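Q: Would you mind keeping the following structure in view while I ask a few things?
No lab work stands behind these numbers, since they all come straight from the coordinates. All values derive from a computational prediction rather than experimental measurement. With ideal geometry, Cβ positions are generated from the backbone for all residues, glycine too; neighbour counts draw on all protein chains shown.
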Amino acid sequence: MFHWQGCGYLQAIRSHIDNFSTTSGEYLEAIFTHREIFAAYPSAHQGCARGFSDLAQLLEKRPWRADRDSDNEAVSVFRHEAWMIGATSPVIKPAPITKEDDHRAIVRPSYACVLPM
């Protein structure tokens with residue numbers, strides 16, 4: 001089963017993406033609200049860079065309607081926010097390697113935001 005990335009706020013936006021209007025700037029309100037939540041508890045937002053990227057991709061692919069006139073602008077802003085969050089998020093430190101683990105080559109994932117093309 002696919003799991004959407006991001007905090008509960010971004011997942012709530014994702015669940016209502018079909019009704020998400022961009023013409024009157026709701027996407028800016030969403031970003032500013034998320035920034036307030038992020039500032040209060042940054043470590044709870046490890047997947048939010050990917051969450052904003054996913055939202056941008058969904059907006060980019062949905063069909064045009066009159067209330068979605070600013071979808072392209074919202075896509076750009078959401079992708080920018082993804083990069084900003086990815087660059088400023090605290091990095092979770094991996095568990096320390098014990099002497100028993102020294103003999104194994106451990107590859108740890110990097111914390112990067114990959115944007116779909």
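Q: Can you put Asp18, Asp67, Asp54 in order, fewest other beta carbons within 10 Å first?
A: Working: Asp18 7, Asp67 14, Asp54 21.
Ordered by Cβ neighbours within 10 Å, fewest first: Asp18, Asp67, Asp54.
Q: Could you line up Ser53, Ser70 from fewest to most neighbouring Cβ atoms inside 10 Å? Show your work: numbers first, answer last.
A: Details: Ser53 23, Ser70 19.
Going from least to most buried by this count: Ser70, Ser53.
Q: Assign unit charges at the C-beta atoms only (+1 for Lys and Arg, -1 for Asp and Glu), then state the dipole size of region 8-101 relative to its Cα centre in Debye, rounded to the nearest 20. Provide the component values of the computation, followed by the final result.
A: Details: 10 positive and 13 negative charges, 49 e Å.
With Lys and Arg at +1 and Asp and Glu at -1, about 240 debye.
Q: Suppose a student asked you for the relative contact order of region 8-101, using Cα pairs under 8 Å spaced at least 6 residues apart; what percent would you report? Don't skip to the answer; put the middle values down first.
A: On the way: 73 pairs, mean separation 33.0, N = 94.
This gives 35 percent for region 8-101.
Q: Can you work out the FRET efficiency for the pair Asp67 and Ala39, with r the C-beta to C-beta distance and R0 = 25 Å, to the nearest 0.05? If you can, show how the numbers build up before the last one.
A: Working: r = 30 Å, r/R0 = 1.20.
Efficiency, rounded to the nearest 0.05: 0.25.
Q: What net charge is computed for the residues neighbouring Thr22, neighbours being all others with C-beta under 12 Å from the C-beta of Thr22, Lys and Arg scored +1, Asp and Glu -1? List each step's numbers first, then the result.
A: Numbers: positive: Arg62, Arg65, Arg68; negative: Glu26, Glu29, Glu60, Asp67, Asp69, Asp71, Glu73.
Cβ neighbours under 12 Å give a net charge of -4.
Q: Which of Pro63, Ile13, His45 sits closest to the plus end of the dipole of region 8-101, meaning its Cα is farthest towards the positive end, when Lys and Arg get +1 and Asp and Glu get -1 on the C-beta?
A: Selected residue: His45.
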